[in-house]
1. By its C-alpha gyration tensor, with a ≥ b ≥ c as the square roots of the eigenvalues, how is the range 125-184 shaped: rounded for a/c under 1.5, else prolate for a/b larger than b/c, else oblate?
2. Can you tell me the 0 to 90 degree angle between the C-alpha axis of helix 171-183 and the longest principal axis of the chain, rounded to 10?
3. For the range 138-293, what is the accessible area per residue in Å² when the probe is 1.4 Å?
4. Rounded, prolate or oblate, given the Cα gyration tensor of the range 19-172, with a/c below 1.5 counting as rounded?
5. To the nearest 10 square angstrom, what accessible area does HIS311 show with a 1.4 Å probe?
6. Need the list of lysines near LYS228 for cross-linking: C-alpha distance under 20 angstrom, and skip anything on the same chain fewer than eight residues off.
7. Assigning unit charges at the beta carbon (Lys, Arg +1; Asp, Glu -1) and nothing else, what dipole magnitude in debye, to the nearest 20, does the chain show about its Cα centre?
8. In terms of Cα to Cα distance under 16 Å, which lysines are near enough to LYS291, apart from those fewer than 8 places away along the same chain?
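The values are calculated or read from the model by the stated rules, or taken from the named source; none is laboratory data. Source: prediction; values computed, not measured. Backbone-built Cβ (ideal geometry, glycine too); neighbour counts: all protein chains shown. To get the accessible areas, we keep the full protein, side chains included, count just its heavy atoms, and leave off ligands, DNA and RNA. Shrake-Rupley method; radii C 1.70, N 1.55, O 1.52, S 1.80 Å.
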Amino acid sequence: MRHEQRSPSDDPLTTLLDQVRRGLRDLDDGEPASYIPELSRVDPALFGLSLCALDGQVYGSGDTTAPFTVQSVSKPFVFALALADRGLEEVLTRVGAEPSGEAFNSIRLEPGTGRPPNPMVNAGAIVTSSLVAGDTPQARFARILEGLGDFAGRSLDVDEAVYASECATGDRNRALAYLMHNAGSLTGDVEEQLGVYFRQCSVLVTCDDLAVMHATLAGGGVNPVTGKRVVAPRHAQHVLAVMATCGMYDASGQWMLQVGMPAKSGVSGAIGVALPGQFGIGVFSPPLEEKGNSVRGIAACHLLSDQFGLHLMRAVDPQRRPLPPRSLHGAPLRSLR
Ligand code: GLN
């Protein structure tokens, strides 16, 4: 059960989120993912934008409680659980921390070690999912589901139809997993490991959940809504670092340049953003650009970062303390289009 206070709809931050979302309603490029057939059944008009501050207050606009599958936005959180269970050193022997510059389902492994490039692409995420503690695939998935729930601050469920759809059509991930098994970076029963990975991608969340999950990372591993420590501060830091360099796949460099906040996207149309020490954002809009990132999600994050100087690399004015999110105000928004 959630205990966060939802702010009144007339507060300045909610007004601001409404303005951003309304300003992007006409942006109708892109198509929902169809390579997992069940994902193409979504209503493409759904559009939600939520922000969770580190005091646990959640602000939102639009379809912030509509459920969708988390897909690759699960990857940073499962990486965090693998770090908690195995430590950084052991995890790094099995998966790298370098941007691949390639698509999320790229097949390239590191020559010599067979390691996938990083935990944010499919190959790396299949490995990190296999590194979470648990003697059986069922136990490992139970730990993942509970861990994702701890990040979100409520218990979560699986969309069985999306799971079945991806199992039936996930041959590219299957091929990747067998290649990694052959190279030694993925151990154990390949089909069982894939089953856990596909289930993890099929966990249902909302925009509000994504905001809380990313606020938990932004706050050093403590869920700001429940007060529960989910992972150690150093592990939250490791995850944010890898999100900053690899979270948007082959759009990661451009993203860091223009938005400048650690983020992760998923093919359901979700994007999660964490600004360390400040807040978490969740955006959901199913139509994707060619790299598999939500078109409106990208635009909303650009707009917020640009208008409010949220870029991590922005030089801090020594006269001013860092802005808490509530001091963002609903100044008229310039369109980025
Ligand atoms: N389940 C999806 C896959 O493995 C996740 C990919 C994504 O969200 N980018 O293909």
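1. Values: a/c = 2.53, a/b = 1.39, b/c = 1.82.
Note, shape of the range 125-184 comes out oblate.
2. 60
3. Working: 4940 Å² over 156 residues.
Ligands and nucleic acids excluded, the result is 32 Å² per residue.
4. Numbers: a/c = 1.67, a/b = 1.41, b/c = 1.18.
Because a/c hits 1.5 or more and a/b exceeds b/c, the range 19-172 counts as prolate.
5. The accessible area of HIS311 comes to roughly 40 Å².
6. Result set, ordered by chain and number: empty.
7. Details: 29 positive and 36 negative charges, 181 e Å.
Dipole magnitude for the chain comes out near 860 debye.
8. LYS264
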